[in-house]
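Taking it in order: structure first as structure tokens, then the write-up.
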Amino acid sequence: MIDTELVKKAVALMGGFDEKEIETYSQFILAASLSVSELLGRHADEKDARVIQLAAVKAYNSICCIAEKAEGITSFTAGEVTVKQDTDFKGLAAEALASAVNDCKPLFKSVSGLDEKNGFAFLGV
């Protein structure tokens, strides 16, 4: 099992969350940690920094999706003054997730049960 406390610390750092706020997202952190654990091959180390990072980014990505829907308003205008939120946290989290997945590819289980070095592919007749 991936150490959810390490994942929680990484998510808090990514989102700038305090201790109380990060606890509200503990279910996302647990789900992401379990999800990543299931992807790992039997020789992968669940304490590997790449694994912790993947679980954290996966949880943070989910949190960003929820936060974006909850906030709803990204800009407003009052007279001649316009305030706009330019930071796309959801987009940044998705990019970080793709990068973390790529970093962990060598640690994942083989989907077919064969690894790339000694497997084969039957492409057609």
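The values are calculated or read from the model by the stated rules, or taken from the named source; none is laboratory data. Because the structure is a prediction, the values reported are computed rather than measured. For neighbour counting, all protein chains shown are included, and Cβ atoms are generated from backbone atoms with ideal geometry for every residue, glycine included.
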Counted residues, the stretch 53-71 - those being farther than 15 Å from Ala31 by Cβ and modelled with pLDDT of 80 or more: 1
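Yes/no matrix, rows are residues, columns are (1) in contact with a Gly (Cβ under 9 Å, 6 or more places away or on another chain); (2) assigned to a loop (DSSP other than H, G, I, E, B); (3) under 12 Å from Ala100 (Cβ atoms):
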| residue | (1), (2), (3) |
| --- | --- |
| Leu13 | no, no, no |
| Glu21 | yes, no, no |
| Leu30 | no, no, no |
| Leu34 | no, no, no |
| Glu38 | no, no, no |
| His43 | no, yes, no |
| Arg50 | no, no, yes |
| Ala59 | no, no, yes |
In the stretch 72-98, residue modelled with the lowest pLDDT [restricted to those that are in a loop (DSSP other than H, G, I, E, B) and polar (S, T, N, Q)]: Thr87
